[in-house]
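I have placed the structure first, in the form of structure tokens, so that the comments after it can refer back to it.
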Amino acid sequence: MKYKFNGETKVCCGITLKRIEALESFGNVSKGDKGGWIEKEENLAQVSGNARVYCNARVYGDALVYGNAQVSGNARVYGNARVYGDAWVYGNAQVSGNACMAN
């Protein structure tokens, strides 16, 4: 396991999101670093790769971030979207619907 929910929550678009916190160091993440916001464990891969959600970024619905993908800033990934490989979603970007982003 690479992260846990740290107890902080916020509501976005009627969905309760939970802030994550790193349980171990990996990539440029240090143990204890606060991450972004996800709705459920299924939104962010825990086992393989170094996928990360940072800052105020939000991932929810049936969206999934995995591989070495990064979501940061105020970016949102939601719906059935997939962000994977070495893709970066950042700033105010939004990935939604059935979109897939890979690099």
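The values are calculated or read from the model by the stated rules, or taken from the named source; none is laboratory data. All figures in this text were calculated on a predicted structure; none of them were measured in a lab. Note: ideal-geometry Cβ built from the backbone for every residue, glycine included; neighbour counts use all protein chains shown. The area values use the complete protein model at the heavy-atom level, side chains included, leaving out ligands, DNA and RNA. Shrake-Rupley method; radii C 1.70, N 1.55, O 1.52, S 1.80 Å.
Put one equal scatterer on each alpha carbon of region 27-84, apply the Debye formula with no solvent term, and list log10 I(q)/I(0) at q = 0.14, 0.17, 0.24 1/Å to two decimals.
-0.30, -0.45, -0.92
Distance between the C-alpha centers of region 48-72 and region 75-98? Whole Å please.
Answer, in whole Å: 8.
Please say if region 1-43 is rounded, prolate or oblate, where rounded means a/c under 1.5 for a ≥ b ≥ c the square roots of the C-alpha gyration tensor eigenvalues, and otherwise the choice is prolate for a/b larger than b/c and oblate otherwise? Could the numbers behind the result be given before it?
On the way: a/c = 2.60, a/b = 2.23, b/c = 1.16.
In terms of gyration-tensor shape, prolate.
What net charge is computed for the residues neighbouring Ser25, neighbours being all others with C-beta under 9 Å from the C-beta of Ser25, Lys and Arg scored +1, Asp and Glu -1? Kindly include the intermediate steps, with their values, before the conclusion.
Working: positive: Lys31; negative: Glu24, Asp33.
Spelling it out: positives minus negatives among the neighbours equals -1.
At 7 Å along the Cα-to-beta-carbon direction for both Gln46 and Ala102, put a label point, then send me their distance in nm to one decimal.
2.5
Using a 10 Å cut-off on Cβ atoms, rank the peptides 49-61, 3-15 from the highest mean neighbour count down.
Numbers: 49-61: 21.2, 3-15: 12.3.
Per-residue mean Cβ counts within 10 Å order the peptides as 49-61, 3-15.
Among the DSSP beta bridges whose two residues both lie in the chain, what percent are antiparallel, rounded to the nearest 5? Please list the in-between numbers first.
Numbers: 11 of 27 bridges.
The answer is about 40 percent antiparallel.
In the set [x] 14.1, 43; [y] 12.0, 33; [z] 12.6, 33, which value of Rg and Dmax of the Cα atoms in Å was calculated from the structure you see?
[y]
Can you check what the net charge comes to around Lys34, using other residues whose Cβ is under 15 Å from the Cβ of Lys34 (Lys, Arg +1; Asp, Glu -1)? Numbers along the way, then the final one.
Details: positive: Lys2, Lys4, Lys10, Lys18, Arg19, Lys31, Arg52, Arg58; negative: Glu8, Glu21, Glu24, Asp33.
It works out to a net charge of +4.
Name the long-range amide H neighbours of Tyr3: under 5 Å, sequence gap of 5 or more, or other chain; modelled H, no Pro or chain starts.
Leu23
Just to make sure I understand: if all protein chains stay in place, what is the order of Arg82, Arg76 by accessible area at 1.4 Å, largest first? Could you put the intermediate results ahead of the total?
Numbers: Arg82 75, Arg76 40 Å².
Solvent-accessible surface, decreasing: Arg82, Arg76.
Taking the Cβ of Ala45 as the centre, find all other residues whose Cβ is under 12 Å away and add up their charges (Lys, Arg: +1; Asp, Glu: -1).
Charge balance near Ala45 sits at +1.
Per residue, how much accessible area does the chain show when a 1.4 Å probe rolls over the protein heavy atoms, in square angstrom?
Numbers: 5200 Å² over 103 residues.
Accessible area per residue: 50 Å².
Between Lys31 and Ile15, how many nm apart are label points set 7 Å from Cα along the C-beta direction?
Modelled inter-label distance: 3.2 nm.
Starting from the amide H of Asn56, placed 1.01 Å from N in the peptide plane, find each other amide H under 5 Å away whose residue is 5 or more places distant or on another chain.
Counting only residues 5 or more places away or on other chains, the set is Gly73.
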